[in-house]
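One structure is given below, encoded as structure tokens.
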2 protein chains.
Amino acid sequence: MDMTRTKLKEAALRLFGQKGYDGTALSEIAKEVGVKTPAIYAFFESKEDLFMSVFEESMSVYNEYIQAMAETSKGMSTEKKLHALLVRQYDFHRNKRELAVFAFRYLLFPPDFLLDRMQEAFGRFDTMLSDIIREIMQEGLERGELAVVPIENLVDSYLTLMDGLSIQYYYYQSPELFERKLKHAFEMFWRSVSA
Amino acid sequence: MDMTRTKLKEAALRLFGQKGYDGTALSEIAKEVGVKTPAIYAFFESKEDLFMSVFEESMSVYNEYIQAMAETSKGMSTEKKLHALLVRQYDFHRNKRELAVFAFRYLLFPPDFLLDRMQEAFGRFDTMLSDIIREIMQEGLERGELAVVPIENLVDSYLTLMDGLSIQYYYYQSPELFERKLKHAFEMFWRSVSA
DNA sequence: ATCTACTTAATTAACGTTAATTAAAACAGG
DNA sequence: CCTGTTTTAATTAACGTTAATTAAGTAGAT
């Protein structure tokens, strides 16, 4: 039950992510689901409402994914942890590509009606992620696995690494190419921070 | 002379960059210039033509900017060169913000009719930039200013650094914050590659 | 018989575009 | 240096399409 509602959201996620909010007509979404346009209004108040519904859900998934990062890395060496986070990010882009594309697009280019909410959401994610990384670095320093360098340097450069990889992942869709980039970038990063 | 044409392109650059192709109505562009919508057709065949005109010009400026990178760095130490390139990228985003936003948006999310041309343009830039970086790294290795590490590692990790910074530059518009990020990220990067 | 999940049909608004027109500037010949 | 002609830059009005939205109706499950 509620099959159609779910399918509408899936199609919307894909199309909004691929062609943008203004570039996607409700008729296309309906067509993908095999239903006429007005049927959408049985489930959503408006186009904006459908979009927001997709948006909220994708932010919530994205949120869980970041939370899970903190868990993943329990009980490993600092190097393994830092590497595991990048691999997780990679898996996210691989396995939830549509969601990743959607999130990436609207994190960078939100439509006007989303701007405030988006900035707030982005700020939250950024803080969460920074905190997770900072904690890992803190522990790494205490354990003597990291070079003695101001912790903010460690955090900032790691976050920059993640951002850089996420752009490249978006572009170079070939797994081989990306895996090479990931390997190279991490090896060099680790050279810079290891004790 | 041709004042209006120029102003139309400026307004289009800003609005297309800010709100996207489908999200920008010709009427908005006209309004910014203080002219009625059909006046646009005195200079451009269609909305797509106006967009392409803006696009071609911005790609050409972007091209010059990358070319100039190769020059900028002549006769410096490898460290200075690599740092200078990042600062140049930063200046570009600062001084040509509208152009940078436009280019960033359509490099990542081109409208359908641009996809092929965009991919080709992107490929060219990517190759140009890689070549420039590779050359710098090559020379750095020969001069013994760089750690003995496979050159592709050096290139890939530097490109990842640039990408990461360009995302952050897009977000964190505060210069102080960004300059800090740049400083931290470069310091760490240099630790990893210096001899 | 009513509720749910739709459909068909209609409405409204916006947008890209074209046509007709005008005012002014640029230009050519006597 | 004027005068008639053409070009350029713009306007107003209108067209055709498409998109979002709403209203009214229908077929099947409960």
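Okay, here's what the table says:
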{"item": "Debye intensity ratio in log₁₀ form over the Cα atoms of chain B, taken at each q of 0.10 Å⁻¹", "result": "-0.50"}
{"item": "Inter-site label distance for B:ALA39 and B:TYR172 at 7 Å from Cα along Cβ, in nm", "result": "4.3"}
{"item": "Lys/Arg +1, Asp/Glu -1 at C-beta; chain B dipole; positive extreme among B:GLN119, B:PRO175, B:MET188", "result": "B:PRO175"}
{"item": "Using θ = phi - 60° and Karplus 6.51 cos²θ - 1.76 cosθ + 1.60, couplings along the stretch B:97-111 (whole Hz; Gly, Pro as x)", "result": "3, 4, 5, 5, 5, 4, 4, 4, 4, 7, 5, 7, 10, x, x"}
{"item": "Solvent-accessible area per residue for the stretch A:17-115 (1.4 angstrom probe, square angstrom)", "result": "47"}
{"item": "Radius 15 Å from Cβ of B:ARG191, net charge of other residues (Lys, Arg +1; Asp, Glu -1)", "result": "-4"}
{"item": "Per DSSP, loop trypsin sites (Lys or Arg not before Pro) in the stretch B:17-47 with at most 14 further Cβ within 10 Å", "result": "B:LYS36"}
{"item": "Convex hull per residue volume in Å³, alpha carbons only, for the protein assembly as shown", "result": "154"}
{"item": "Relative contact order computed over the stretch A:13-134 (Cα-Cα under 8 Å; 6+ residues apart), in percent", "result": "31"}
{"item": "Estimated FRET transfer efficiency when R0 is 30 angstrom, pair A:GLU179-A:ASP49 (beta carbons, to 0.05)", "result": "0.15"}
{"item": "Rounded to 10°, Cα long-axis angle of helix A:175-193 versus longest principal axis of chain A", "result": "40"}
{"item": "Solvent-accessible area, 1.4 Å probe, carbon plus sulfur percent, for the stretch B:1-44", "result": "53"}
{"item": "Largest-first principal axis extents, alpha carbons of the stretch B:1-44, Å", "result": "28, 17, 16"}
{"item": "Nonlocal amide H pairs with B:ASP22, under 5 Å, H built at 1.01 Å", "result": "none"}
{"item": "Sum of -39500 (n - 2.57) over DSSP H runs of 4+, divided by residues of chain B (222 nm, nearest 500)", "result": "-26000 deg cm²/dmol"}
{"item": "Part-to-part distance (alpha-carbon centres) for the stretch A:136-186 and the stretch A:1-75, which is given in Å", "result": "30"}
{"item": "Amide N of the stretch B:91-112 lying under 12 Å from the label point, which is placed 7 angstrom from the Cα of A:ASP126 along Cα→Cβ", "result": "none"}
{"item": "A:SER194 long-range amide H proximity, modeled H, under 5 Å", "result": "A:ALA147"}
{"item": "Under 18 Å from the A:ASP112 label point (7 Å along Cα→beta-carbon), backbone N, the stretch B:10-30", "result": "B:11-30"}
{"item": "Restricting the stretch A:103-149 to trypsin sites (Lys or Arg not before Pro) in coil, as DSSP defines it, with at most 13 other Cβ within 10 Å", "result": "A:ARG143"}
{"item": "Charge dipole (debye, nearest 20) of chain A; +1 at Cβ of Lys and Arg, -1 at Cβ of Asp and Glu", "result": "700"}
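The values are calculated or read from the model by the stated rules, or taken from the named source; none is laboratory data. Note that the structure is a prediction, hence the values are computed from the model and not measured. Cβ sites come from the backbone with ideal geometry, for glycine too, and all protein chains shown count toward neighbours. Surface accessibility is based on the protein's heavy atoms, side chains included, excluding ligands, DNA and RNA. Shrake-Rupley method; radii C 1.70, N 1.55, O 1.52, S 1.80 Å.
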